[in-house]
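Notes follow the structure.
The values are calculated or read from the model by the stated rules, or taken from the named source; none is laboratory data. All values reported here derive from a predicted model rather than from experimental measurement. Backbone-built Cβ (ideal geometry, glycine too); neighbour counts: all protein chains shown.
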Amino acid sequence: MTDRLSAKYDRIIDQLGELFKKTADSDARMATICALLYHKFPKNFWVGFYFLKNGELTVKCYQGPLACQVLAKDKGVCWASINRKGSVIVPDVELFPGHIACDSRSRSEIVVPVKDAEGTVLGVLDIDSDKLDSYCETDRAALERIVSMIL
Ligand code: SME
């Protein structure tokens, strides 16, 4: 199962590599990542980016149901990822203190920070599932490779 998942991510990463030859524009690349990850994985109920702007985490491009535009500071999974400067996997959002429920159907999620060349965290890739326990270390490793392709 994990091997099949890694192989699927390998194909997606190859596809992104090809697509990104067309432009170095980070907004275009992030929009492309949202579209691919949303449409290739039925488990991904919402895929999007939140970026830091004037100390707030504000939504950028996404695919899926309508989401919160700004996330209350230091609350929830996205802010935990920003503050820890690392990826966070949440198997059950109801067990994560302070989780922000933009959509009540969200059951589990993974958040991966987007960093610049100096390692400064600029924002996060946030992916939600409507099923419990949807994300594992294979997702984390692959998504960290994918966000490293943006800039
Ligand atoms: N899951 C996030 C909120 C954003 S929505 O899920 C799209 C969080 O708790 O930070």
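Worth pointing out:
- Matching strands (runs of 3 or more DSSP E) fully within region 50-151 where at least 1 residues are closer than 27 Å to T23 by Cα and among the polar types (S, T, N, Q): 56-63
- Residues that are over 19 Å from A101 (Cα atoms) and part of a loop (DSSP other than H, G, I, E, B), drawn from region 21-49: K21, K22, T23, A24, D25, F41, P42
- Looking only at region 1-20, residues that are at pLDDT below 95 and either hydroxyl-bearing (S, T, Y) or part of a strand (DSSP E or B) (or both) come to 1 in all.
- Scan of region 115-128 for residues that are surrounded by fewer than 22 Cβ atoms within 10 Å (Cβ to Cβ) and in contact (Cβ under 8 Å) with a residue 60 or more places away in the chain, ordered by number: V121, L122
- When we screen C78, C61, C102 for residues that are at pLDDT 95 or above and surrounded by 18 or more Cβ atoms within 10 Å (Cβ to Cβ), the only hit is C78.
- Selection of region 57-112 for residues being closer than 22 Å to V147 by Cα, touching a Leu at 6+ places or on another chain (Cβ under 6 Å) and more than 11 Å from the ligand (Cβ to nearest atom) yields only V112.
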